[in-house]
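See below for the structure under consideration.
The values are calculated or read from the model by the stated rules, or taken from the named source; none is laboratory data. In this text, all values refer to a predicted model and were calculated from it rather than measured experimentally. Every residue, glycine as well, gets a Cβ built from its backbone with ideal geometry; the counts of neighbours run over all protein chains shown. Heavy atoms of the whole protein, side chains included, go into the accessibility calculation; ligands, DNA and RNA do not. Shrake-Rupley method; radii C 1.70, N 1.55, O 1.52, S 1.80 Å.
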Amino acid sequence: NTPAAGSDKVLPGERMVNGRIALPHPVYCSAASLGEDKVMLLDAGHVIYLWVGRSVDSIILLELFGVEELDPKEPPQKLSSGGKVVELIKEAIIELRRDLPFYPPLKIIASGPGSMNEHRFMSLLIEDKTKHQMSYVDYLCQIHRSIQKKM
């Protein structure tokens, strides 16, 4: 039950490396990395998504958003003000935004029926093959084959 991708490996006092916040190890950008009991951050470049699984513990939801249940149709617009998990997520977001010439907003997505932006979030999971798109690995293999043919 990881609050954010790999954040269980980030311990207090070990979060700074060379004056920067140490981010957790990234996971594959795939639906297989999602768990109904997890909260995941996805940096999409122009937006940072916080995806909240359907079965996230109510204690975590209470700390993150101040509520024990989320409505997928109307997820919270912002994180609550305190708590260890909230601070870890906010630190990760600050680090993701560092050195950018713009400020990517945080969009919170609650998984479940009627979720307004979950389909958009899922389309950003580039490791997955979809009905209309090949996976990123398949795409790279196709590029490699076309380069090999030209040589």
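Things to note:
- Inter-residue pairs, beta-carbon under 9 Å, first within 30 Å of residue 120 (Cα to Cα) and of a type in the set (Gly, Ala, Ser) and in the range 14-39, second at pLDDT 65 or above and part of a strand (DSSP E or B), 6+ apart: 33/40
- Hits in the range 132-147 (condition: open to solvent by 80 Å² or more (accessible area, probe 1.4 Å) and either at pLDDT below 75 or in contact with a Lys or Arg (Cβ under 7 Å, 6 or more places away or on another chain) (or both)): 132, 133, 134, 136
- Selection status of residue 125, within 21 Å of the chain's Cα centre (by Cα), under 30 Å from residue 73 (Cβ atoms), at pLDDT 80 or above and open to solvent by less than 80 Å² (accessible area, probe 1.4 Å): no
- On the stretch given as the range 49-83, residues that are under 13 Å from residue 108 (Cα atoms), open to solvent by less than 80 Å² (accessible area, probe 1.4 Å) and in a loop (DSSP other than H, G, I, E, B) total 8.
- Residue match in the range 104-117 (condition: surrounded by fewer than 16 Cβ atoms within 10 Å (Cβ to Cβ), at pLDDT 90 or above and either part of a helix (DSSP H, G or I) or not acidic (Asp, Glu) (or both)): yes
- Filter pass, residue 31 being modelled with pLDDT under 85, surrounded by fewer than 18 Cβ atoms within 10 Å (Cβ to Cβ) and under 16 Å from the mean Cα position of the chain (by Cα): yes
- Flag if residue 93 is open to solvent by less than 50 Å² (accessible area, probe 1.4 Å), part of a helix (DSSP H, G or I), at pLDDT below 90 and under 19 Å from residue 111 (Cα atoms): no
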